[in-house]
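Colleague: Let me begin by handing over the structure; questions about it come next.
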Amino acid sequence: MSRSRGESARAIVIVAETAADIASREALLDEAMGPMRRKKSSEKLRRGRRPSEGLAFVVRDAAGAVMGTVRLWDVRLGEGGPAALLLGPLAVDPALKNAGIGSALMRHALAEAARLGHAAILLVGDAPYYGRFGFSADKTGALAMPGPYERHRLLALELVEGALDGAHGTLKAAGRKLKALPLTFAA
């Protein structure tokens, strides 16, 4: 894919993810994140679940191809704790890195989460990148991910001031479960 940065940044559109985007999104995630992406502790919270209602987005180029993706997931902060969102994965076509697509996706996702009334968002990521959107490890010290992770990479953003005050425990999956596909039997 050879596009100039300016051309790609001007010719994108952020839209709600649809079922038709699944194969393209999965291929993009494989390319951008590699084969180990399914082994991350964040994946344990996403497995068997659907993204939070209205919070799954893709970036399309002028031709309609998926160039970026982000999803937010419903979680609980500890056993019976308050609701929050888990952001991820955020990925952009590697050929378009540093074109502002990831930043545009982040700003859009955060604005939509706030508009929908969510109070806090957590993620596992690089503080220098996500810090510019307001994420930090300041309020995650008493929280944990299920499975291995690097503690300093567990970051949070309060959309409602004080939403993470007193939050503690291991994040738990919440929200909508994926529907099981009906089984069919050959005769």
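The values are calculated or read from the model by the stated rules, or taken from the named source; none is laboratory data. Because the structure is predicted, anything quoted here is derived from the model rather than measured. Because the Cβ atoms are built from the backbone with ideal geometry, glycine has one as well, and the counts that use them run over all protein chains shown. The protein model used for the area step is the full one, side chains on, heavy atoms only, and it has no ligands, DNA or RNA in it. Shrake-Rupley method; radii C 1.70, N 1.55, O 1.52, S 1.80 Å.
Colleague: Would you check the range 13-173 for Lys pairs whose C-alpha atoms are within less than 24 Å, ignoring same-chain pairs closer than 8 in sequence, and give me the count?
Modeller: So the count works out to 8.
Colleague: Turning to a different aspect of this structure: For the chain, what is the mean residue ellipticity at 222 nm derived from helices alone (per DSSP H run of n ≥ 4: -39500 (n - 2.57); sum divided by total residues; nearest 500 deg cm²/dmol)?
Modeller: -6500 deg cm²/dmol
Colleague: Something else now. What's the Kirkwood radius of the chain in Å, using all Cα pairs?
Modeller: It is 17.3 Å.
Colleague: Please work out how much accessible surface ARG107 shows to a 1.4 Å probe, ignoring ligands, DNA and RNA, in Å² rounded to 10.
Modeller: Counting only protein heavy atoms, ARG107 exposes about 140 Å² to solvent.
Colleague: Same structure again: Remind me, relative contact order of the chain in percent, using alpha carbon pairs under 8 angstrom and six or more residues apart?
Modeller: 25
Colleague: In Å², what does the accessible area per residue of the range 1-125 work out to with a 1.4 Å probe?
Modeller: Accessible area per residue: 46 Å².
Colleague: Now for a separate question. Share of the range 13-173's accessible area from carbon and sulfur, percent, 1.4 Å?
Modeller: For the range 13-173, the apolar C and S fraction of the accessible surface comes to 53 percent.
Colleague: Ok, one more. Please give the charge dipole size of the range 1-115, origin at the Cα centre, charges +1 on K and R Cβ atoms and -1 on D and E Cβ atoms. Round to the nearest 20 debye.
Modeller: 280
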